[in-house]
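One structure is given here, and the rest of the page talks about it.
The values are calculated or read from the model by the stated rules, or taken from the named source; none is laboratory data. Bear in mind the structure is a predicted one, so any value in this text is a computation, not a measurement. Don't worry about glycine lacking a Cβ; one is built from the backbone with ideal geometry, like all the others, and counts go over all protein chains shown. Areas reflect the complete protein model, heavy atoms only, side chains present, ligands, DNA and RNA absent. Shrake-Rupley method; radii C 1.70, N 1.55, O 1.52, S 1.80 Å.
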There are 2 protein chains.
Amino acid sequence: MQTKPITTFDELLATAATLPKKRVLIALPTNAETFEAVRIALDKLNTRFILVGEEESIGRGVASIQGAGKEVEIRHVRETADALQVCMELLRQGKADVFMKGSVDTATMMRAVLDEKSGLRTGRLLSDVFITESILPEGKRFLMITDGGLNPAPDLKDKIDLIYNAVSVAHALGNSLPRVAILSATELVSTSLPSTVDAAILAKMNDRGQIKGCIVDGPLGLDNAVSRAAAEEKKIRSEVAGRADIIVAPTIEAANSLAKSTTYFAGWRLAHVVVGGKVPILIPSRADKSDAKLLSIALGIVMSVFLETMER
Amino acid sequence: MQTKPITTFDELLATAATLPKKRVLIALPTNAETFEAVRIALDKLNTRFILVGEEESIGRGVASIQGAGKEVEIRHVRETADALQVCMELLRQGKADVFMKGSVDTATMMRAVLDEKSGLRTGRLLSDVFITESILPEGKRFLMITDGGLNPAPDLKDKIDLIYNAVSVAHALGNSLPRVAILSATELVSTSLPSTVDAAILAKMNDRGQIKGCIVDGPLGLDNAVSRAAAEEKKIRSEVAGRADIIVAPTIEAANSLAKSTTYFAGWRLAHVVVGGKVPILIPSRADKSDAKLLSIALGIVMSVFLETMER
């Protein structure tokens, strides 16, 4: 594990490039965007790729990447449906460190991962952790948002897993005590707004040492979570308000649109990774720019090293 | 009604300043921010204020505003609890055009408004319409988000009212056929994600002419709703995708945090107004800057003129 915290995406890329070589397994890479991601990762990071799919189309994609030969292995499958099973087998055998989606839809890929027999589950919920490099009056810093990708309506128990999953990413980045804001529309607990009730419970569980490795507070509105001025104006006494590292949103729609607002409204850089399984999983969106794909691979690599350290 | 559409906040201020004088009623103005809003509105717009509350504290606030005398009327009440009833009576008598919150909490004020006897209800749900001047690759334009203020978990029927309320604001601003995006985390209908199911139903109701005065489409993710590039990349054929004027979010948390992201992440200007009642209602937040308060008053004035036109 790196000892110096990683606090910017440039530092993330620099760190990922110095780590021991990691193997990224891609299910069904056929689209140009995926080969673009492979090309830039080979260029900028210390990676090796295993591509599973129909040999001819993969070969054509690989041929377009200069000098890819020695760091790219192709596993041929005749039937598309077999590709995911071949991937699961390779992962079970420990032949890959990071699992990445090619041109298979996310639901199909996640069904294979979530299957009891996949061997990829840890007992914890899997969730998507989105990370952006925020540019706020207080400076430039990482801000994570979860879960905009996998769990539509997490219940209280699920939210504990969402917290731990996001916290594990913060820990992997060297932030040993991240501040977690449980998001709602207001900072007041209201019995008629369940997200505020859950937030209060999660904050108290953290107070009591039942949720560890982070500081949790909520409910908080987005303004109170990220702006010190807004938190002070409302006189909120909290170690999280105004300086949250992680935002846990109550629903997939809230997390997803909030994450996208950082990209489409604010223009900030992004990466995201699915955690909670035995290996980090990357589900890049077609709309992700190549910068986002490279950053997500780098994040997957750093997470992989972190998970290995934890296992020891 | 203005015939030229209002497409920027500067145009909104310019238009509001030329409209016939409107009377803004404020319940319990005691805090400095409220008097600041009164001061700038008197300076920049064509308004008259009626302030209801404890005479001495209001008098002190008014004294701080130069030349306020002739455009500010004070209605003295001895008990704070009576102030809201006095306001309701003035509104029933048609003595004010816009109703604004002072230092009374939103829930208490809205309870008075929502009371069957208030005379302010129209049969339609009241909802908060947030409007920002977005700065996107496609240019600068108004983007509305609803409902981040009043309705925690609108059902399908409620969402129809949310659409009509936001559409009425767009109409008041001269956009006669606004594009309404029903927000979810994805553009695909999924039976396991109720917000996508509601979105599909609302879009079809609009197709069939059951929701009028606008073009509705959904489900759409935030990216597909506001970015033409993202909509094209996903090959979404839609008159709304990539150019939504109004975003209807599935929950109060999603709408509230998305609206706040435009302020706190993107740094865009904002205004908001509660519509669906007989008069526009302003519930400024303490954290709103004076620009936001002035813009909200201007929006209230334009809405008031629009509602009068509709009544005729």
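Kindly express, to the nearest 10 degrees and within the range 0 to 90, the angle between helix B:290-311's C-alpha long axis and the longest C-alpha principal axis of chain B.
For helix B:290-311, the angle is close to 80 degrees.
Mind running the shape call on the stretch A:196-312? Use the C-alpha gyration tensor, a ≥ b ≥ c as the square roots of the eigenvalues: rounded below 1.5 for a/c, prolate if a/b tops b/c, oblate otherwise.
oblate
Could you state the angle between the C-alpha long axis of helix A:156-172 and the longest principal axis of the C-alpha atoms of chain A, as a value from 0 to 90 degrees rounded to the nearest 10?
Helix A:156-172 sits roughly 70 degrees off the main axis of chain A.
Kindly tabulate the residues in the stretch A:221-239 with an accessible-area decrease of at least 40 Å² between the chain alone and the assembly of all protein chains, using a probe of 1.4 Å.
A:222, A:223, A:233, A:234
How high is the relative contact order of the stretch B:213-304, given as a whole-number percent (alpha carbon pairs under 8 Å, six or more residues apart)?
17
Viscosity 1.306 mPa s, temperature 10 °C: what is the translational diffusion coefficient of chain B from Stokes-Einstein with a Kirkwood Rh over Cα pairs, rounded to a whole number of µm²/s?
Result for D is 80 µm²/s.
How big is the dipole moment of the stretch A:1-116 about its Cα centre under a simple scheme where the beta carbon of each Lys and Arg is +1, that of each Asp and Glu is -1, and everything else is neutral? Debye, nearest 20, please.
Using Cβ point charges on Lys, Arg, Asp and Glu, the stretch A:1-116 gives about 440 debye.
Ordering B:278, B:159, B:289 from largest to smallest accessible area (1.4 angstrom probe), what's the sequence?
Descending accessible area places them as B:289, B:278, B:159.
In whole Å, how far is the Cα centre of the stretch A:282-296 from that of the stretch A:13-80?
Centre-to-centre distance over Cα atoms comes out at 14 Å.
Do any of B:22/B:95; A:260/B:140; B:95/B:157 go past 21 Å between their Cα atoms, and which? Numbers along the way, then the final one.
Numbers: B:22/B:95 10 Å; A:260/B:140 19 Å; B:95/B:157 33 Å.
With Cα atoms farther than 21 Å apart: B:95/B:157.
Output, in nm with one decimal and in ascending order, the distances from the residue A:94 label point to the matching label points of the other copies (7 Å from Cα along Cα-to-Cβ).
8.4
What are the nm distances, shortest first, from residue B:308 to its equivalents in the other copies, labels at 7 Å along Cα→Cβ?
Listed shortest first, these distances are 7.3 nm.
Run the simple label-point estimate for residue A:141 and residue B:114 please: 7 Å along Cα→C-beta, distance reported in nm.
3.7
In the stretch A:184-216, what residues drop by 20 Å² or more in accessible surface going from the chain by itself to the full protein assembly, probe 1.4 Å?
A:185, A:193
Hey, what did the stretch B:1-110 get for relative contact order, percent, Cα under 8 Å, at least 6 apart?
Relative contact order, the stretch B:1-110: 34 percent.
Probe radius 1.4 Å, ligands and nucleic acids left out: which of A:171, A:76 has the largest accessible area, and how do the rest follow?
If we order A:171, A:76 from most to least accessible, we get A:76, A:171.
Please arrange A:232, A:11 by accessible surface area, largest first, computed with a 1.4 Å probe and ligands excluded.
The residues order as A:232, A:11, largest area first.
Note the buried accessible area between B and A here, summed over both chains, with a 1.4 Å probe, in Å² to the nearest 100.
Answer for the B-A pair: about 3000 Å² buried.
Which distances in nm, rounded to one decimal and ordered from shortest, link the label point of residue B:237 to the equivalent label points in the other identical copies, with labels set 7 Å from Cα toward Cβ?
Here residue B:237 shows inter-copy label distances of 6.1 nm.
What nm value, rounded to one decimal, do you get for the distance between residue A:212 and residue A:309 when each label is placed 7 Å out toward the C-beta?
It works out to 1.7 nm between the two label points.
In Å², what does the accessible area per residue of the protein assembly as shown work out to with a 1.4 Å probe?
Result: 41 Å² per residue.
Roll a 1.4 angstrom probe over the protein heavy atoms and tell me the percent of accessible area of the protein assembly as shown that is carbon or sulfur. Don't skip to the answer; put the middle values down first.
Working: 12890 of 25460 Å².
Carbon plus sulfur share of accessible area: 51 percent.
Which distance in nm do the two modelled labels at residue B:205 and residue A:103 give, with both placed 7 Å along the Cα-to-Cβ direction?
3.9
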